[in-house]
1. Can you find, within the range 1-29, the residue that is nearest to Leu129 (Cα to Cα) among those that are touching a helix residue (DSSP H, G or I) at 6+ places or on another chain (Cβ under 8 Å) and open to solvent by 50 Å² or more (accessible area, probe 1.4 Å)?
2. Any residue that is of a type in the set (Lys, Arg) and within 30 Å of Asp149 (Cβ to Cβ) - is there at least one of those in the range 81-92?
3. For the range 1-25, enumerate the residues that are within 14 Å of the ligand (Cβ to nearest atom) and under 14 Å from Phe54 (Cβ atoms).
4. Given the options Ala20, Ala6, name the one that is over 23 Å from Lys263 (Cα atoms) and out of contact with any Cys (no Cβ under 8 Å at 6 or more places or on another chain).
5. Is there any pair linking a residue in the range 15-32 that is under 19 Å from Tyr253 (Cβ atoms) to one that is within 7 Å of the ligand (Cβ to nearest atom) and open to solvent by 80 Å² or more (accessible area, probe 1.4 Å), with Cβ under 8 Å and at least six apart or on different chains, and which?
6. Which residue, of Ile49, Ile63, Ile92, is outside any loop (DSSP other than H, G, I, E, B), at pLDDT 90 or above and open to solvent by less than 70 Å² (accessible area, probe 1.4 Å)?
7. Only one of these conditions is not met by Leu262: (1) of a type outside the set (Lys, Arg); (2) modelled with pLDDT of 95 or more; (3) touching a helix residue (DSSP H, G or I) at 6+ places or on another chain (Cβ under 9 Å). Which number is it?
Amino acid sequence: MKVRKAIIPVAGLGTRFLPATKSIPKEMLTVVDRPTIQYIVEEVVASGIDQIIFVTSEGKSAIENHFDYNYHLDMVLKEKNKTVLGEELNNISNLIDIVSVRQKKPLGLGHAIWTARHVVGNEPFMVLLGDDLVLSKKPCAKQMLELFDEVGESIVAIQRVPASETHQYGIVEGEKNDRENTYRVSRMVEKPAPGTTDSDMAIIGRYILMPEIFSILDTTTPGHGGEIQLTDALLALTKRRAMYAYEFEGTRYDAGDKMGYLKAIIAYGLLHPQLGKPLMEYIKGIVTGK
Ligand code: UTP
């Protein structure tokens, strides 16, 4: 079965990034020349998905507006002969079919996904977190879709983290599978207390899920932090059918965290065709004091 739809939950409060996120969604913070959410939408488009479902909340309309056609701006750019810029902006709104559903209360990531159940229907779907950027040769979503074509079961993207950081993530345990960088999941736990797991495989913001997850979320009760945790529902899903953890090729940046965001700006800036070289010179100057 083909994965045609991607949920991008953007209804979180972004408290780690206050005061910047008091009136601006964290997904609209800029990395070089575009908001972080645009990189994620571009990854989805480059991976061949047909539809994006934003799970939004109060105060997040800037995200929907960003991907909408802006008639006034288009006219002004045409009058000023800035057609290339105008076309680039229109391309964003033409990239893909986008719909949104509203999460009325921030009850957790699991609840945010559940809110999109009627739009997804009874088919496998992808989830990409609105603040998790992955810089890679092949889009991370595409790598996962290729694996899905082979295994036809749920997949969570993982990265290795130091033992001192496992308590900040959902952690999976599992056995190495025949396919490269792939593990069959046996257990998972949200933000484990230090010393309670030997695994260093941390779940990042990319998932392909079977639709059974929705009926599991129907009855998932609040877990860690009083929120309906996706990880708890995923664990229940592993008891019903196979799930794979995939160590993707690429580097992930948590752009919802101050340090992760700064790293993303530097990494994406250094790769920029015009800005990369002067930025490197500038950084060298700071480091060497010259
Ligand atoms: P985060 O853990 O980053 O939470 O959520 P947050 O509230 O956005 O940010 P902090 O921790 O307060 O700084 C992971 C993802 O799940 C979404 C967020 O938008 C983010 O993409 N989310 C989280 C929801 O859509 N709804 C929720 O109730 C919680």
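The values are calculated or read from the model by the stated rules, or taken from the named source; none is laboratory data. This structure is a prediction, so every number in the text was calculated from the model and none was measured. Here the Cβ positions follow ideal geometry from the backbone for every residue, glycine too, while neighbour counts run over all protein chains shown. These accessible areas exclude ligands, DNA and RNA; they are computed on the full protein's heavy atoms, side chains included. Shrake-Rupley method; radii C 1.70, N 1.55, O 1.52, S 1.80 Å.
1. Looking at the filtered set, the residue picked out is Arg16.
2. Within the range 81-92, not a single residue is of a type in the set (Lys, Arg) and within 30 Å of Asp149 (Cβ to Cβ).
3. Answer for the range 1-25, where residues must be within 14 Å of the ligand (Cβ to nearest atom) and under 14 Å from Phe54 (Cβ atoms): Ala6, Ile7, Ile8, Pro9, Val10, Ala11, Gly12, Pro25.
4. It is Ala6.
5. Thr21/Leu13; Thr21/Thr15
6. Ile63
7. Failed condition: (3).
The rows are residues; the columns are (1) in contact with a strand residue (DSSP E or B) (Cβ under 9 Å, 6 or more places away or on another chain); (2) closer than 21 Å to Leu109 by Cα.
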position: Glu175; (1), (2): yes, no
position: Thr197; (1), (2): yes, no
position: Ile203; (1), (2): yes, yes
position: His224; (1), (2): yes, yes
position: Gly250; (1), (2): yes, no
position: Tyr253; (1), (2): yes, yes
position: Leu262; (1), (2): no, no
position: Leu271; (1), (2): yes, no
position: Pro278; (1), (2): no, no
